[in-house]
Amino acid sequence: MMSAIVTTDLPRGKVSNRIRLGVLLPTIIVGIPLIVFVLYPLVQILGRSFSTRDGFGFGNYAAMLGNERFVRITYNSVDMTLTSTVLAVVLAYVFAYAIQRSTLPARGLFRMIAVLPLFAPSLVQAQGLVLLFGRNGIINRTFGLGIDIYGYWGIVIASVLYVFPYAFLILSAALAVADARLYESAQMLGASKWRAFRTVTLPATRYGIAAAVFVCFTLVITDFGNPMVIGGDYTVLASEVYNQVIGQANFEMGSVIGMVLLIPAAIAAITEKYISARQHALISEQSKPLIPRPDRTRDTLLGLVVGMISVAIVAVMAVVVFASFVHLWPYRMDFSLRHYAFDVQNGIQPLWNSIWISLMAAGVGVVVVTAAAYVVEKFASPATRLLYFLAILPAAVPGMVLGLGYILAFNNPSNPVYAIYGTLFIIAVANVYYYHAQGFLISSTSMKQISNRFDEASATLGGGRFHTFVKVTLPLMLPTIVGVAVFFFMRSMVTLSAVIFLVTPHTQVAAVSVLYLQDRGATNQAAAFSVCIVATVVVALLAARLLLNIFGYRKMPLIR
Amino acid sequence: MTLVISHVTKRFGQMVALDDISLSIDSGEFICFLGPSGCGKTTLLRVIAGLEQVEQGSVLFEGRDLAEIPARKRNFGVVFQSYSLFPNMSAARNVGYGLECHGWPRAEIDARVQEMLRVVALSEHARKLPSQLSGGQQQRVALARALATNPRMLLLDEPLSALDAKVRKNLRIEIRELQRRLGITTIMVTHDQEEALAMADRIVVIEAGRIVQVGNAHQLYERPASRFVAEFIGRMNVLPVSAAAGKILLAGYPVGCEERTAGEAPRLIGIRPENVCVVTEEATDANGAIPARIRSTVYLGNIAEIVLSVGKGHEQEIVAEVPGHALRAISEAPSIAVRLPADAVKVLE
């Protein structure tokens with residue numbers, strides 16, 4: 001058995017058509033958890049969406065399509081999402097352009113500000129906007145205004161701020177690579193700066209723009225935290241799933257809306273994967289890096305836009321921090337630490353739960369995605385494509401849909417997974433599989449860069465596959481492993497959508513506490529929880545950065 | 001015979017990489033697989049190393065079929081083209097890696113690593129990472145790593161191709177001396193004919209997955225088995241000829257050929273540029289020369305290259321190599337001719 005695994009006839013040309021168990025077995029071992037924790041819950045949702053009182057059929061879908069309210073909600077969702085996406089991508093493009101292609105001062109600082117929202121629970125934007133512009137908002141009260149932030153524009157602004165860092169990271173990467181020779185020729189041919197931008201920069205970044213559009217679209221249409229807090233009477237699909245499932249325990253309707261949400265998210269995710277695969281081919285090896293030259297007019301204009309966006313991002317988060325430290329918003333604005341006593345229902349337990357879950361998700365996530373990437377890279381078989389598909393499938397699944405799938409699949413004593421249902425661990429598992437696609441892609445990109453030659457060299461020196469993995473592959477992957485762990489930790493700390501259906505009073509997490517407290521009007525405590533989440537994420541990031549720097553991996557990016 | 005390869009065939013999809021290869025190698029021999037890129041020489045080496053499986057044929061090492069022994073149990077030292085040093089390990093740990101795998105005790109590993117680093121003159125670089133070493137040093141670490149476990153055979157895949165010319169020439173000598181001293185059977189893959197001629201006891205010339213000739217440097221240079229070998233090793237004037245009345249005719253002039261067997265009617269003959277005699281006299285039937293005209297000349301100091309054309313109508317081009325000092329007399333001569341010595345003319349087809 002062992003010898004079948006350790007022979008090193010790694011496919012160099014075509015895969016031999018003899019499929020041996022030694023090659024297939026790892027694929028099966030890695031594939032089974034993906035089937036159990038991704039595919040099976042999705043199948044459950046699909047099944048439930050078709051189950052009606054009169055048996056299997058399209059009854060639920062028909063009822064939904066015939067329902068005027070539902071049609072309006074769908075329209076609301078699409079309308080709000082499109083507006084948010086366009087705004088976010090345009091603003092992020094200008095911001096990323098300023099960072100990559102201008103001589104604006106303090107670009108490093110602005111870059112940090114741009115990714116700031118990633119450190120906070122996804123509803124912090126709505127939280128901050130309510131504190132600023134809500135009925136008791138500081139702006140309305142100070143200036144005696146009657147701005148009504150609840151509703152369409154509230155959701156749009158919150159969503160734009162929420163997805164801004166994702167769009168920024170994608171566009172920043174697209175703008176980071178540029179071939180100076182193209183700009184030189186454009187200049188030699190007498191093209192104006194605007195013309196050079198239109199004919200060189202925009203086309204070169206079109207895949208980045210498209211990818212950013214699809215990523216933002218998916219994130220906004222599936223986000224429910226912000227609409228819950230700031231939506232007012234404006235209902236969208238994501239909040240409707242929550243209402244149906246939590247409010248009315250109507251799993252059938254919840255499943256139907258989940259399926260409806262899955263479709264645009266899946267289309268967007270697939271298109272994005274297809275597009276980003278093309279991004280890389282644009283720059284050739286002879287390319288000359290572009291070094292931006294000072295230009296006062298350009299830099300002043302960009303500085304204004306970047307400044308305004310930065311103020312918005314910082315203001316929304318700063319007001320949350322501020323609110324967490326005042327006695328009683330907005331009536332007694334004197335300094336107080338009393339909200340950090342957490343004398344609410346579960347006390348500070350949700351924060352500890354979040355930290356435990358995030359640590360578990362980081363640990364399990366690293367093992368799961370590294371194993372998947374390793375098997376996809378090193379054990380090529382006809383099943384590899386299927387495994388790859390399963391590994392990136394979660395990118396197309398909204399968090400709430402996955403969470404709902406977990407209820408339907410595992411809240412059932414006859415399912416073995418029921419043993420961990422209702423524990424912190426199932427929440428960690430949900431986070432691992434919700435973010436599986438990104439973790440897997442980070443891991444497999446890094447593994448691709450580790451040449452197969454090392455395996456061959458090791459084999460000729462007498463090293464078995466396991467020995468090679470432990471002594472060679474793993475040490476070379478170390479910085480990536482830290483990066484993947486940080487990624488899972490960060491996302492698990494701030495996510496709301498994947499866990500909302502899985503928390504119980506005992507396993508409540510900090511991000512959900514923020515939602516509940518905000519919902520109850522306990523604004524100050526909600527703010528304090530948000531601040532604790534941000535602080536935890538920042539501490540974890542700094543610790544990982546320090547660790548990597550000590551081992552000499554200064555260039556390994558941690559924020560993705 | 002240490003290594004016996006018989007009727008080995010290997011395909012990658014539709015492409016036949018190795019086509020019915022048979023070859024025997026003696027203990028202690030230094031063998032070069034020589035051929036252009038893509039000819040299958042590296043694939044053959046990888047088959048021997050156990051990194052590729054074959055569809056047909058067998059490879060026997062000291063009488064045992066290698067098919068049943070995985071790469072890691074063969075104990076063949078392999079040096080890869082890009083060295084494949086483990087980037088996370090120091091030079092010393094790289095050299096000790098194979099010993100660890102073979103379960104040597106710690107103390108013996110340390111002693112052996114020091115010994116091997118001394119052999120390749122890298123003792124003072126033991127703690128450096130591969131990225132901190134020069135190309136030549138990395139190459140020597142790779143060699144030390146491959147030899148540390150006392151392998152039963154040494155396999156080198158284009159070991160010198162990534163190095164600059166000067167380092168390459170020094171390492172050629174070092175590798176050859178080390179191989180002689182250890183008496184280890186060695187196979188080296190190369191596309192550089194000069195390297196093969198300088199290092200190998202025997203050269204195996206491979207073209208399109210087939211062995212076209214096996215021999216030492218002299219045999220390959222003096223008696224190339226085909227036009228491919230003739231052109232691949234050294235330079236060769238390849239000349240189409242016709243046969244009439246038992247004579248070989250080049251552009252209508254008779255050419256003598258000792259190599260020719262009776263009754264053979266060659267279509268292509270070859271002669272190396274240094275064997276072409278350029279004479280500054282009129283060609284006559286008596287001197288057996290062929291009238292020629294100078295097309296161009298290149299003076300290279302010790303030698304000069306002259307491109308000549310012979311014949312009328314469809315002219316033949318012949319390159320001749322003459323001593324540098326003779327160039328002036330030849331270029332100024334009123335008429336010149338070439339003589340192709342019968343013992344230097346090869347039958348190619």
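The values are calculated or read from the model by the stated rules, or taken from the named source; none is laboratory data. This structure is a prediction, so every number in the text was calculated from the model and none was measured. Cβ coordinates were reconstructed from backbone atoms using ideal geometry, including for glycine residues, and neighbour counts include every protein chain displayed.
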Across the stretch B:75-84, the tally of residues that are more than 7 Å from chain A (Cβ to nearest Cβ) and among the small types (Gly, Ala, Ser) stands at 1
Scanning the stretch B:136-166 residue by residue, those under 24 Å from B:GLY35 (Cα atoms), of a type outside the set (Ser, Thr, Tyr) and surrounded by fewer than 17 Cβ atoms within 10 Å (Cβ to Cβ) turn out to be B:ALA162, B:ASP164, B:ALA165, B:LYS166
Of the residues in the stretch B:267-278, those that are of a type in the set (A, V, I, L, M), within 27 Å of the chain's Cα centre (by Cα) and in a strand (DSSP E or B) number 3
If you go through the stretch A:443-457 one residue at a time, do you hit one that is more than 30 Å from A:ARG332 (Cα to Cα), away from chain B (no Cβ under 14 Å) and under 17 Å from the mean Cα position of the chain (by Cα)? yes
Taking the stretch A:215-240 and keeping residues closer than 24 Å to A:LEU393 by Cβ, at pLDDT 90 or above and aromatic (Phe, Trp, Tyr) leaves A:PHE217
Considering residues that are among the β-branched types (Val, Ile, Thr) and either part of a loop (DSSP other than H, G, I, E, B) or assigned by TED's automatic domain parsing to the domain that holds A:MET493 (or both), the number found within the stretch A:539-557 is 0
(Q) Here is a check on your reading of the model: is B:ARG112 more than 8 Å from chain A (Cβ to nearest Cβ), in contact with a helix residue (DSSP H, G or I) (Cβ under 9 Å, 6 or more places away or on another chain) and in contact (Cβ under 8 Å) with a residue 12 or more places away in the chain? (A) yes
Selection over the stretch A:460-504 where residues are outside any helix (DSSP H, G or I) and either within 14 Å of another protein chain (Cβ to nearest Cβ) or under 24 Å from A:ALA535 (Cα atoms) (or both) yields a count of 11
B:GLY313: passes all of (1) within 23 Å of B:LEU249 (Cβ to Cβ); (2) at pLDDT 90 or above; (3) out of contact with any strand residue (DSSP E or B) (no Cβ under 6 Å at 6 or more places or on another chain); (4) not acidic (Asp, Glu) but (2)
Just one listed residue, out of A:VAL375, A:VAL364, is over 23 Å from the mean Cα position of the chain (by Cα) and either crowded, with 24+ Cβ neighbours inside 10 Å or within 24 Å of A:VAL494 (Cβ to Cβ) (or both), and it is A:VAL375
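From the set of residues in the stretch A:191-213 that are at pLDDT below 90 and within 20 Å of the chain's Cα centre (by Cα), which is surrounded by the most Cβ atoms within 10 Å (Cβ to Cβ)? Talk me through it step by step, then tell me what you get.
Initial filter on the stretch A:191-213 (at pLDDT below 90): A:191-208, A:210-211.
Right, trim to within 20 Å of the chain's Cα centre (by Cα) and you get A:207-208, A:210-211.
Working: A:TYR207: 21, A:GLY208: 25, A:ALA210: 20, A:ALA211: 27.
Per the stated criteria, the residue is A:ALA211.
Is there a residue in the stretch A:219-228 that is buried (at least 16 other Cβ atoms within 10 Å of the Cβ), in a helix (DSSP H, G or I) and aromatic (Phe, Trp, Tyr)?
Looking only at the stretch A:219-228, we keep the residues that are buried (at least 16 other Cβ atoms within 10 Å of the Cβ), and these are A:219-228.
Next, from what is left, pick out any that are in a helix (DSSP H, G or I): A:219-222, A:225-228.
Remaining after also requiring aromatic (Phe, Trp, Tyr): none.
No, the stretch A:219-228 has no match at all.
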Within the stretch A:516-535, can one find any residue that is part of a helix (DSSP H, G or I) and among the aromatic types (Phe, Trp, Tyr)? yes
Taking the stretch A:404-425 and keeping residues surrounded by fewer than 24 Cβ atoms within 10 Å (Cβ to Cβ) and within 19 Å of A:ALA511 (Cα to Cα) leaves A:GLY422, A:THR423, A:LEU424, A:PHE425
Of the residues in the stretch A:174-186, those that are without any contact (Cβ under 8 Å) to a residue 40 or more places away in the chain, in contact with a helix residue (DSSP H, G or I) (Cβ under 8 Å, 6 or more places away or on another chain) and of a type in the set (Gly, Ala, Ser) number 1
Considering the stretch A:426-459, residues that are modelled with pLDDT under 90 and not in a helix (DSSP H, G or I), and then whichever is surrounded by the most Cβ atoms within 10 Å (Cβ to Cβ), we arrive at A:ILE450
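Being under 20 Å from B:ALA92 (Cα atoms) and either touching a residue at least 40 places away in the same chain (Cβ under 8 Å) or part of a helix (DSSP H, G or I) (or both) narrows it down to one residue among B:VAL167, B:VAL141, B:VAL205; which is it?
B:VAL141
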Within the stretch A:149-190, restricting to residues that are at pLDDT 80 or above and among the β-branched types (Val, Ile, Thr), the one that is nearest to A:ILE275 (Cα to Cα) is A:ILE170
Review point. When you look at A:ALA419, is it assigned to a helix (DSSP H, G or I), over 28 Å from A:MET477 (Cα atoms) and modelled with pLDDT under 90, yes or no?
Key: yes
Of the conditions (1) under 21 Å from B:LEU154 (Cβ atoms); (2) facing another protein chain (nearest Cβ under 9 Å); (3) touching a Pro at 6+ places or on another chain (Cβ under 8 Å), the single one that B:HIS102 does not satisfy is (3)
In the set B:ALA142, B:ALA121, the lone residue that is within 29 Å of the chain's Cα centre (by Cα) and more than 14 Å from every other protein chain (Cβ to nearest Cβ) is B:ALA121
From the option list B:GLU281, B:GLU259, B:GLU264, single residue qualifying as of a type outside the set (Phe, Trp, Tyr), under 28 Å from the mean Cα position of the chain (by Cα), modelled with pLDDT under 90 and part of a loop (DSSP other than H, G, I, E, B) is B:GLU259
Output for Cβ contacts, cut-off 9 Å, separation at least six or different chains, first residue assigned by TED's automatic domain parsing to the domain that holds A:PRO33 in the stretch A:397-424, second among the charged types (D, E, K, R) and buried (at least 24 other Cβ atoms within 10 Å of the Cβ), reads A:PRO398/A:ASP223; A:GLY399/A:ASP223
Among residues of the stretch B:34-74 being at positive phi and surrounded by fewer than 18 Cβ atoms within 10 Å (Cβ to Cβ), the residue nearest to the other protein chains (Cβ to nearest Cβ) is B:GLY38
